[in-house]
Amino acid sequence: MSGPADRDLASRPLAAAMALTAAIFVAEVAGGWWSGSLALIADATHVAVDLLGLSLSFFAARLARLPADPKRTYGYRRVEVLAALGNGVVLMLATGFILREAWSRWVFPTPVAARPMLAVAVLGLCANLASAAILWRGGRTNINVRGALLHVLSDAAGSLGAIAAAIAILTLNWLEADALASALICVGIVLTAYWLLRDSVHILLEGTPAHLDLEEVRAALAGLDGVREVHDVHLWSLTQGQEAMSGHLVVADPRRACDALEAGKALLAERFGLTHVTLQVEPEGAE
């Protein structure tokens with residue numbers, strides 16, 4: 001697991017990305033109101049939720065430094081999971097309102113000031129790309145920063161949609177392009193919300209991490225010298241990227257229980273990256 005120094009390194013690019021994303025949100029809300037562009041408002045909604053996600057990632061890195069206590073034996077690592085669940089629900093609700101307005105504008109096209117819309121969308125794209133560049137290095141080694149990077153890249157895609165709509169309005173006078181871009185941005189929002197809800201619910205239900213195979217872990221432990229059986233194996237995530245495991249090892253010779261325990265922990269750490277492990281060793285034939 002990462003130490004305080006690693007979390008400090010992760011929080012710095014997150015803080016910079018938060019500042020840029022906040023500026024994008026303000027610019028798109030103001031630009032959407034000024035130009036009358038629903039696409040900018042839709043993208044601003046996406047940016048707002050992503051800003052919450054970035055804030056969550058930042059404060060999660062800070063909260064992770066707090067020690068566990070008798071009431072919270074795992075500390076505060078699952079705060080980000082709960083917030084992700086809430087973000088997913090809010091995203092779904094916001095998408096419904098945007099789609100309803102997009103349909104109304106598709107049926108009854110509304111005039112849009114395309115030039116201000118284009119300027120704000122280009123500004124948003126540049127700021128998103130700058131945020132992505134800041135987060136890119138940390139995203140290769142820190143899963144928390146990697147999640148923030150995906151949010152920023154999805155915002156960049158939304159800005160591209162708004163740019164395309166503005167160009168279509170300027171060149172073709174196709175007012176419906178604003179509604180169409182809004183609907184397409186909503187598709188991206190729904191996908192993000194689905195991933196947030198799916199992953200957060202899976203973690204809260206203590207599901208097996210997607211990159212680990214329970215039967216493969218069980219078979220690897222069963223193959224250790226002196227181990228006769230492996231049972232009551234459980235794999236779960238404290239939060240994304242921080243997995244834990246517990247299980248029982250049945251050994252033929254109780255005198256080699258310590259050897260089996262050490263071999264099991266070493267195997268799990270080296271082969272599966274599991275370091276938060278609780279193994280119980282039992283003699284063969286015990287109830």
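Computed from the coordinates by the stated procedures, all read-outs in this text should not be read as laboratory data. Computed from a predicted structure; not experimentally measured. Positions of Cβ are backbone-derived with ideal geometry, glycine not excepted, and every protein chain shown enters the neighbour counts.
Annotations
- Fraction in percent of alpha-carbon pairs per bin - 10 Å, the chain: 6, 24, 25, 18, 13, 8, 4, 2, 0
- Using alpha-carbon coordinates, inclination of helix 79-107 to the longest axis of the chain, degrees: 30 degrees
- A Förster distance of 25 Å, applied to the separation of the beta-carbon atoms of residue 97 and residue 170, puts the FRET efficiency at 0.40.
- Each part gets one Cα centre, and for the range 96-124 versus the range 213-287 those centres are 57 Å apart.
- Chain lengthening between residue 214 and residue 234 when straightened (0.36 nm per residue, less Cα-Cα): 6.4 nm
- Residue order, fewest to most surrounding Cβ atoms within 10 angstrom, among 50, 259, 69: 69, 259, 50
- Here the spin labels are modelled as points 7 Å beyond Cα on the Cα-Cβ line, and at residue 270 and residue 122 they lie 5.8 nm apart.
- 186, 258, 126 arranged by Cβ crowding within 10 Å, fewest neighbours leading: 258, 126, 186
- Among 84, 165, 244, residue whose mean-square fluctuation peaks in a GNM of the chain (springs only between Cα atoms under 10 Å): 244
- As a proxy for reagent exposure, ranking 198, 218 by other Cβ atoms within 10 Å from fewest up yields 198, 218.
- Distant-in-sequence amide H partners of residue 282 (H built 1.01 Å from N, under 5 Å): 249, 250, 251
- Amide proton proximity set for residue 174, modelled H, under 5 Å, gap of 5+: 169
- Tensor-based shape of the range 79-195 (alpha-carbon gyration tensor, a/c under 1.5 rounded, otherwise prolate or oblate): oblate
- For the range 214-283, the Kirkwood hydrodynamic radius from C-alpha pairs, put into Stokes-Einstein at 25 °C and a viscosity of 0.890 mPa s, yields a diffusion coefficient of 205 µm² per second.
- Mean-square fluctuations from a GNM of the chain, with a 10 angstrom spring cutoff on Cα atoms, peak among 133, 157, 252 at 252.
- Full extension of the segment from residue 62 to residue 33, taken as 0.36 nm per residue of separation minus the current Cα-Cα distance, would add 6.9 nm.
- Degrees separating the helix 4-35 axis from the principal Cα axis of the chain, which is the longest one: 20 degrees
- The slack between residue 198 and residue 258, meaning 0.36 nm per residue of separation minus the straight C-alpha distance, is 17.7 nm.
- ³J(HN,Hα) computed for each position of the range 163-169 - Karplus, 6.51 cos²θ - 1.76 cosθ + 1.60, integer Hz, glycine/proline x: 4, 4, 5, 4, 5, 5, 5
- Sparsely packed GluC sites (Glu not before Pro) within the range 176-235, loop by DSSP, other Cβ within 10 Å at most 12: 206
- In this structure, the amide hydrogen of residue 75, modeled 1.01 Å from its nitrogen in the peptide plane, lies closer than 5 angstrom to those of 69, counting only residues at least 5 positions away or on a different chain.
- Highest GNM mean-square fluctuation among 172, 20, 196, for the chain modelled with Cα contacts below 10 Å: 172.
- Principal-axis tilt of helix 176-204 within the chain, Cα atoms, nearest 10 degrees: 20 degrees
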